[in-house]
Amino acid sequence: MPIHPSSSPPRWLGLIALSLFALLTAAGCTAFSRAMKEGDQFTSQRKWAEAEAAYQRALAAEPDDAEVKAKLLGMHKHWSAEVLGNARAVHGQGDLAGATPLLVRALQLDPGNGAARELLTQTLDTRAEGALQALKEEKLQEARAEFDAVLAVDPEHAVASKGVVSVQTAWANRWFTTAQRLEEEGKLGNALLAYVRADQERVGATPARERAEEMRRKLKDEVAFLVVAAPADDKAEAPDVVQRLSPGRLSALLPRDVPIRVITTEAPKNHEGVRLGVALERVMPVKSVEQAQRSTRYLVTNKAVPNPRRAELETALLTQERKLEEVERKLSGVLRDYLRKQDELTQVREVATRCRARERQTCGTALSECIRGYSQAKPGEVPKECSPSRCSPQCEAEEGTLKQKDVGVQELERRVEAGQEAAEAQRREVQRGRDAYYREPLTVEEPVYAEYPYDVELHRFTITASVTERLVDLAKDAAGASPRTADYAAMHEDSSNKAYDKVGVLADPVQLRTEAELRVEAGDKAMASIAERVKERFNSYRQRQVEDARRGMVRPSAEDVVEKAVRALLLTADAPPQDILLPLAQARGLTRPESIYGD
């Protein structure tokens, strides 16, 4: 139906909207029909992936269409049947590993495919039986791979689950047997890693954890840094201080997580360590008293001073008054402009009024002459006195000027009102400032302090212990070692004074620590210094072992390299070198490298 311009706007707008709706509907139907047609065509050609994509496009156009859902379901069943046929062919060739993913795919396409489910169950059972046979033949890697493949499809498969446990147990036994052989060969480092790996494969399947702990103990005994310490020689006849220099105190100060052993017996031959000799030369107590002076502030009196708050308020008040003056000055200027514009508006209005009067008079005269001319004119003739131009507007310029002036006056009037409001608000602020200023007192009370000196006594008690130590390597002659003598002081000081109640100073009696406490502290300081020197020797020893192990890390799986690396790691248990620990753990298949150190 053609749309004519003479038609009413609501009618032809409605027709346009209806046409657009019909066009969009036809386009949607066309996309749906085209997708359905392509899906049917691909299904007939057994191109399942293309058919699925086409039906999915149809569902996107019509999500609730039952027909496309039914066709998609039917296509999936046909596709599943074809995949099942391929799976049976592969299964018939004995390729169970290749048939398994095809059967899984068939069930994904059609979960109700009973034949595919039955064949998949049969295939998994057969693979599990084959894995059990491989396990009996000691083909552990092959058996574990098959069990894992079955569990990946069916995590609840009972035979495969038990088979994994059996494989882990078999691996644990194999590693445990290897560890026992290495232990008999005297390769304790390799045996330790093998026991750890056996325990990692299956916890509790073998006594690997207990044997690994035994290997650690033997290796630590082998690489331990021995400190052969004899009882301290008490030349100062101070048994309380000598007690703090005993081998037991040294052992308590050394770190626990590395193999440093303090012994009092003779060390094994060719063992790393040091021989320590300690002698307490003297213990000297010293007491001293020094006279000194201190001072304290006390309140003498109060005096009146000018109130600083009043000066602040006065400054703020002056600022507000200056601001008020500025606001009033601006208001005065705006008010003058407003009055001037008001006078100009009055003059323009008078001019416009006179112009309107002249215009009315001219138009009235023209109207009278027009009436008189009509009365004298012939019928049908318009007299020239009735020309409309005689009553045309003559005051347009005056009216425009009047309107412009009126707008300007209104704007100034708004500015005047705003200025008056601002001035009133500022006056209130000034009044508040004046009230606050006059309410503030002129003066305030200020305390006057003075310094009062008084005598104090500084008491100092010092215990100095002179200790001689001789630290020599076990491989060297102890007689050739140079002794080292040092003084270790424990000091405490305190002050005392009398009471001065007038100025608020309380009596402070002297309270020094006892001599026994300071003697113990001096002995502890001496032993702490000796322990630091022992740790320096140990760090030098283990650094040599670590460097020796690092040189062999190019082949971390070699048995001789493992022996050195394990011993170096046990010496550095407090800060394991990762460039040794990680390659060694990777070479032996350890998932937790820190398990080398035990629990």
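About the Cα centre of the stretch 74-165, how large is the charge dipole given +1 on each Lys and Arg Cβ and -1 on each Asp and Glu Cβ? Please answer in debye to the nearest 20.
Result for the stretch 74-165 is approximately 140 debye, rounded to the nearest 20.
Taken along the Cα-to-beta-carbon direction at a fixed 7 Å, the label points for residue 162 and residue 458 span 8.7 nm.
Applying 1/(1 + (r/R0)^6) with R0 = 56 Å to the Cβ-Cβ distance of residue 69 and residue 582, what FRET efficiency is obtained, to the nearest 0.05? It would help to have the intermediate numbers written out before the result.
Details: r = 56 Å, r/R0 = 1.00.
Efficiency, rounded to the nearest 0.05: 0.50.
When mean projected area of the Cα convex hull in nm² is computed from the coordinates, the matching label among (i) 75.1; (ii) 26.5; (iii) 31.4 is (i).
Give me the 1.4 Å probe accessible area per residue for the chain, excluding ligands and nucleic acids, in Å².
Ligands and nucleic acids excluded, the figure is 60 Å² per residue.
Going by accessible area, probe 1.4 Å, with all protein chains left in place, what is the ranking of 215, 284, largest first? Don't jump to the answer; show the numbers that get you there.
On the way: 215 0, 284 75 Å².
Result, largest first: 284, 215.
If a paramagnetic tag sat 7 Å from the Cα of residue 540 along the Cα-Cβ line, which residues of the stretch 194-228 would have the backbone N under 16 Å from that point? Only 225-228 pass the distance filter. The slack between residue 414 and residue 547, meaning 0.36 nm per residue of separation minus the straight C-alpha distance, is 38.7 nm.
Which order do 371, 260 take when ranked by solvent-accessible area (1.4 Å probe, heavy atoms of all protein chains), largest first? The partial results should precede the final answer.
Working: 371 110, 260 20 Å².
The most accessible residue leads, giving 371, 260.
Output the 0 to 90 degree angle, nearest 10, between the alpha-carbon long axis of helix 515-550 and the longest principal axis computed from the alpha carbons of the chain. The two axes meet at around 90 degrees. Applying the criteria of a DSSP loop state and at most 10 other Cβ atoms within 10 Å to the GluC sites (Glu not before Pro) of the stretch 113-195 yields 137, 138, 156. The apolar share of the surface of the stretch 324-463, taken as the fraction of accessible area on carbon and sulfur atoms (1.4 Å probe, ligands and nucleic acids excluded), comes to 51 percent.
Using the Cα centre of the chain as the reference point, and only Cβ charges (+1 on K/R, -1 on D/E), how large is the resulting charge dipole? Debye, rounded to the nearest 20. Could you put the intermediate results ahead of the total?
On the way: 88 positive and 94 negative charges, 307 e Å.
So the magnitude is around 1480 debye.
Charge dipole (Cα centre; +1 on Lys/Arg Cβ, -1 on Asp/Glu Cβ; no other charges) of the stretch 296-391 amounts to roughly 180 debye.
Across the options 389, 190, 339, the greatest Cα extent toward the positive end of the charge dipole of the chain (unit charges at beta carbon of Lys, Arg, Asp, Glu) belongs to 389. Determine, from the Cβ-Cβ distance of residue 121 and residue 482 and an R0 of 51 Å, the FRET efficiency 1/(1 + (r/R0)^6), rounded to the nearest 0.05. The computed FRET efficiency comes out at 0.05. Taken one residue at a time, the phi angles of the stretch 340-353 give Karplus couplings (6.51, -1.76, 1.60, θ = phi - 60°) of 5, 5, 5, 5, 4, 4, 5, 5, 5, 5, 5, 5, 5, 5 Hz. Gly and Pro are set to x.
Nearest 10 degrees, 0 to 90: what angle lies between the long axis of helix 114-136 and the longest principal axis of the chain (Cα atoms)? Tilt of helix 114-136: around 30 degrees.
Need one number: % antiparallel among DSSP beta bridges in the chain, to the nearest 5.
The antiparallel proportion sits near 80 percent.
Between residue 46 and residue 515, the distance separating the two model label sites (each 7 Å from Cα on the Cα→Cβ line) works out to 11.1 nm.
Measuring only protein heavy atoms, the 1.4 Å probe finds residue 335 accessible over about 70 Å².
How much length is gained if the chain between residue 337 and residue 368 is pulled fully straight, taking 0.36 nm per residue apart and subtracting their Cα-Cα distance, in nm to one decimal?
Working: separation 31, 0.36 × 31 = 11.16 nm, distance 4.64 nm.
Taking residue 337 through residue 368 to full extension adds about 6.5 nm, to one decimal.
When the charge dipole of the stretch 28-100 is built from unit charges on Cβ atoms (+1 for Lys and Arg, -1 for Asp and Glu) and taken about the Cα centre, the candidate among 93, 74, 63 whose Cα reaches farthest toward its positive end is 93. Karplus-based coupling profile of the stretch 447-464, in residue order and whole Hz: x, 10, 10, 9, 8, 10, x, 8, 7, 9, 10, 9, 9, 10, 10, 10, 10, 10, with θ = phi - 60° in 6.51 cos²θ - 1.76 cosθ + 1.60 and x standing for Gly or Pro. For the chain, the longest principal axis of the alpha carbon atoms and the long axis of helix 96-109 meet at an angle near 30°. The apolar share of the surface of the stretch 490-599, taken as the fraction of accessible area on carbon and sulfur atoms (1.4 Å probe, ligands and nucleic acids excluded), comes to 50 percent. At the residue level, residue 362 shows approximately 60 square angstrom of accessible surface with a 1.4 angstrom probe and all protein chains present. Checked against a 25 Å cut-off, the cross-linked pairs 37/69; 139/187; 187/535; 187/269 give Cα-Cα distances beyond that limit for 139/187; 187/535. Counting only protein heavy atoms and using a 1.4 Å probe, the accessible area of residue 139 comes to about 100 Å². In this label model, residue 354 and residue 222 are separated by 13.1 nm, measuring between points 7 Å along each Cα→Cβ vector.
Answer with one residue from 207, 402, 422: the one whose Cα lies farthest towards the positive end of the charge dipole of the chain, charges on Cβ with Lys, Arg +1 and Asp, Glu -1. The Cα lying farthest towards the positive end belongs to 402.
Sorting 503, 554 by solvent-accessible area of protein heavy atoms yields 554, 503, largest first, with a 1.4 Å probe.
The values are calculated or read from the model by the stated rules, or taken from the named source; none is laboratory data. As the structure is a computational prediction, the values presented were derived from the model and not from experiment. Note: ideal-geometry Cβ built from the backbone for every residue, glycine included; neighbour counts use all protein chains shown. Each accessible area value is taken on the protein alone, full model and side chains, heavy atoms only, with ligands, DNA and RNA left out. Shrake-Rupley method; radii C 1.70, N 1.55, O 1.52, S 1.80 Å.
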